[in-house]
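Note sheet for the following structure.
The values are calculated or read from the model by the stated rules, or taken from the named source; none is laboratory data. Quick caveat, the model's predicted, so the values are computed rather than measured. Cβ: placed from backbone, ideal geometry, glycine included. Neighbour counts: every protein chain shown.
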Amino acid sequence: MTDYVKYKNELNTVSLGAFNANEFNLFFSILSKTKEEQYEKIYLKWDELKRLAHYTSTSNTRFLKDLNSMYQKLIESNYIHMYTEDDQVGLERFTIFEDFTFLEEEKAISAFFNPKFTCLLNQVNTNATCFSLDEFISLKKKYAKNLYRLLKQVEKKGYWEVSLETLTFLLGIPNNYQVGQIDQKILKPALEELKMYFKQVRVEKRYSQLQGNKVKGYIFLFDRT
């Protein structure tokens, strides 16, 4: 049976750009086991998580180090939720996990999702991002993985237009990168990988006419499914 990941599009507003490739694989492997469940706790044996994430190292020490690094980066990547109550609009910030425990004797992890976050995972029928976990993991570079999930959100539209500022935030692009560096070091190699899953994928720049044709954003294009 094919494992897949499914969640509400709001999760794509969280910057996961600090993740490396292994951490991306581990996080979305965990999410693949939570889709459409009605509980907030997940229990996973290490061997099962390694299988899902195609984790090849045999060192449990390294495995736990990668898991801990993933968790610490999630703590720093707070989810910001906009809500309306009594005709007042507010913002609340919270972490994705309330607790994340390494059970060394059982060789398992036990994790409690923040109840406010589970609404992005449970009963997801509309405004959802859905993709194959194996496809995601097959991508080698972290930027390719990040772009893959963002483009999957607009798979039926065939394009994604984004400002330079938002792209930098979502992909975790170093702030000192110039446009040429973004093109050559990030977008070009990422799109080369994404050709496997997005037919005719390409990117075009959008320029500001008010700032001397300065690049203000990008539009990613591909053939619709």
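The single residue among TYR207, TYR197, TYR159, TYR148 that is among the aromatic types (Phe, Trp, Tyr), closer than 18 Å to GLY17 by Cβ and either free of Cβ contacts under 8 Å to residues at least 40 places away in the same chain or not assigned by TED's automatic domain parsing to the domain that holds ASN12 (or both) turns out to be TYR148.
When each of PHE112, PHE136, PHE117 is tested for being surrounded by fewer than 17 Cβ atoms within 10 Å (Cβ to Cβ) and either in contact (Cβ under 8 Å) with a residue 24 or more places away in the chain or within 19 Å of LEU74 (Cβ to Cβ) (or both), the lone residue that passes is PHE112. Under the condition of being among the β-branched types (Val, Ile, Thr) and within 14 Å of LYS107 (Cα to Cα), the residues counted in the range 43-81 number 2. For the criterion of being modelled with pLDDT of 75 or more and outside any helix (DSSP H, G or I), ILE109 passes.
For the range 30-57, the set of residues classified as within 21 Å of the chain's Cα centre (by Cα), at pLDDT 90 or above and acidic (Asp, Glu) consists of GLU48 only. Only one of the listed residues (TYR177, TYR143) is among the hydroxyl-bearing types (Ser, Thr, Tyr) and in contact with a helix residue (DSSP H, G or I) (Cβ under 6 Å, 6 or more places away or on another chain). That residue is TYR143. Number of residues in the range 203-220 that are basic (Lys, Arg) and either touching a helix residue (DSSP H, G or I) at 6+ places or on another chain (Cβ under 7 Å) or in a loop (DSSP other than H, G, I, E, B) (or both) equals 1. Here CYS130 meets the list (1) within 26 Å of GLU76 (Cβ to Cβ); (2) assigned to a strand (DSSP E or B); (3) among the hydrophobic types (A, V, I, L, M, F, W, C) almost entirely, failing just condition (1). Scanning the range 58-93 for residues that are assigned to a helix (DSSP H, G or I), at pLDDT 90 or above and either in contact with a Pro (Cβ under 8 Å, 6 or more places away or on another chain) or β-branched (Val, Ile, Thr) (or both) yields one hit, THR61. Screening ILE173 on (1) part of a loop (DSSP other than H, G, I, E, B); (2) surrounded by fewer than 17 Cβ atoms within 10 Å (Cβ to Cβ); (3) of a type outside the set (Phe, Trp, Tyr) shows it passes everything except condition (2). Out of curiosity, is ASN25 crowded, with 17+ Cβ neighbours inside 10 Å, of a type outside the set (Gly, Ala, Ser) and modelled with pLDDT of 90 or more? Yes. Against the condition in contact with a His (Cβ under 8 Å, 6 or more places away or on another chain) and either of a type in the set (Val, Ile, Thr) or part of a strand (DSSP E or B) (or both), how does ILE186 come out, does it pass? So ILE186 fails the test.
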